[in-house]
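Just below is one structure, and these are the notes that go with it.
The values are calculated or read from the model by the stated rules, or taken from the named source; none is laboratory data. Only a predicted model underlies this, so the values are computations on that prediction, with no experimental measurement involved. Virtual Cβ from ideal backbone geometry, glycine too; neighbours counted across all protein chains shown. Note: accessible area is taken over every heavy atom of the protein model, side chains too, but ligands, DNA and RNA are not part of it. Shrake-Rupley method; radii C 1.70, N 1.55, O 1.52, S 1.80 Å.
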Amino acid sequence: YDILVTVEPKRKALAGAQQELADANTKLAEVNAFVADLEAKLAVLVDEYDKVITEKNRVVAEGEKLNNKLSLAQRLMAALGSEQARWKINVAKMRDDAKLLPGDVLLSASFVSYVGSFSKKFRDRLIIDTMTPFLTKNGVPMSENPDPLVLLASPSTVAEWGGQGLPADRVSIENAAISVTAERWPLMIDPQLQGVV
């Protein structure tokens, strides 16, 4: 009997403790399941947050890139806007020059056709004293000081000829311009024998 009186309350306490343990384990399992569910939801939210942050960073970077492009475009427009006045002046000058083109072209064509066989002194007399006054007298519009070389050879072409060994004197440059633009073999004065092959 003494043993039973001593052991029975302990058995009841053990059964109660085991029941509490089972209840606690059930509650723990429920809480663990709830925590696992929350962690899964948290993982989804963190993943979505990372994606949103990445997208935000990409959009911000794209915005900065577009702002830089806009800034460059505005600077270009401002620069081109200041060029507009110069372009208007150039267009007006080109229109005026186009009106003078017939006389300049006629003088250049005459130069190519007729003056190659003359020395510098006679070339100048033909252009300045004969051809230019004749065209002016007949009302052909032309530049104030027409120079056939301006139409026949650009400065870059003359520089290229100089790089290929052409002397820099006026007669040699005129001869080169005549040679390049003439459709037939030109007759010209060539004191330095530049045309001899």
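Please pick out the residue among GLU144, GLU160 that is open to solvent by 80 Å² or more (accessible area, probe 1.4 Å), acidic (Asp, Glu) and outside any helix (DSSP H, G or I).
On the way: GLU160 fails: outside any helix (DSSP H, G or I).
Checking each option against the conditions leaves just GLU144.
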**Study point:** Among (1) in contact (Cβ under 8 Å) with a residue 60 or more places away in the chain; (2) surrounded by fewer than 14 Cβ atoms within 10 Å (Cβ to Cβ); (3) in a helix (DSSP H, G or I) - the single one SER117 does not satisfy
**Key:** (3)
Practice item. Run ARG86 past the list (1) open to solvent by 60 Å² or more (accessible area, probe 1.4 Å); (2) without any contact (Cβ under 8 Å) to a residue 24 or more places away in the chain; (3) under 21 Å from VAL180 (Cα atoms); (4) not hydrophobic (A, V, I, L, M, F, W, C) and report the number of the one that doesn't hold. Key: (3)
Check your understanding: Condition test on LEU107, is it in contact (Cβ under 8 Å) with a residue 24 or more places away in the chain, buried (at least 18 other Cβ atoms within 10 Å of the Cβ) and part of a helix (DSSP H, G or I)?
Key -> yes
Practice item. Tell me, please, whether a residue that is in a helix (DSSP H, G or I) and buried (at least 16 other Cβ atoms within 10 Å of the Cβ) can be found in segment 182-194. Key: no
Review point. Given the structure, is GLU144 of a type in the set (Asp, Glu) and over 17 Å from PHE122 (Cα atoms)?
Key: yes
